[in-house]
Amino acid sequence: MKTFMLNTLDAPENMQPRLDSIVLIRNWYRYMPGCYILVAEDQTTAQQLAMSIRSRAEGVWFVVAEIFSVAADGYLPGAAWTFLNNPRDSGRHGTPALRSMENLLTGGGNISGGIMGGASSDKDSLF
């Protein structure tokens, strides 16, 4: 799994449902207003994530960049560092086998919405 940083001016109540609907985003953690750590599969690029976010948040300012935990430093809550250093799939969009089946049935691309949907409550409890 890879990690990315997303910074946006969009309000959490708008952005968080958008993030939950993007199958490329396997998990996320909001550590400050408008600042998220995103988890995606190894083959995912910042450009793919940006395209998916842009399609759901037209006109919203944001930037996505890949983060390498060995090259990251700063002062954040311990839970943010744990999330960054140990990226995990939330399971909200199903297993890799199920995603492959969905891609076959839909012709590939992003599927809007997830199988389980919604962010877990501990992700957005800091602010």
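The values are calculated or read from the model by the stated rules, or taken from the named source; none is laboratory data. Only a predicted model underlies this, so the values are computations on that prediction, with no experimental measurement involved. Please note: Cβ atoms are built from the backbone with ideal geometry, for glycine as well, and neighbour counts cover all protein chains shown.
State whether one or more residues within region 36-47 are in contact with a Leu (Cβ under 9 Å, 6 or more places away or on another chain) and more than 17 Å from residue 88 (Cβ to Cβ). No, every residue in region 36-47 fails to be in contact with a Leu (Cβ under 9 Å, 6 or more places away or on another chain) and more than 17 Å from residue 88 (Cβ to Cβ). Residues in region 16-35 that are of a type outside the set (Ser, Thr, Tyr) and either under 16 Å from residue 48 (Cα atoms) or surrounded by 19 or more Cβ atoms within 10 Å (Cβ to Cβ) (or both): 11 in all. Just one of (1) in contact with a strand residue (DSSP E or B) (Cβ under 9 Å, 6 or more places away or on another chain); (2) of a type in the set (D, E, K, R); (3) not in a helix (DSSP H, G or I) fails for residue 58. It is (1).
Looking only at region 66-122, which residues are of a type in the set (D, E, K, R), loosely packed, with under 14 Cβ neighbours inside 10 Å and modelled with pLDDT under 50? Matches in region 66-122: 122 only. Residue under question is residue 57, and the condition is that it be among the small types (Gly, Ala, Ser), surrounded by fewer than 18 Cβ atoms within 10 Å (Cβ to Cβ) and in contact (Cβ under 8 Å) with a residue 24 or more places away in the chain; does it hold? When the stated conditions are applied, residue 57 passes them.
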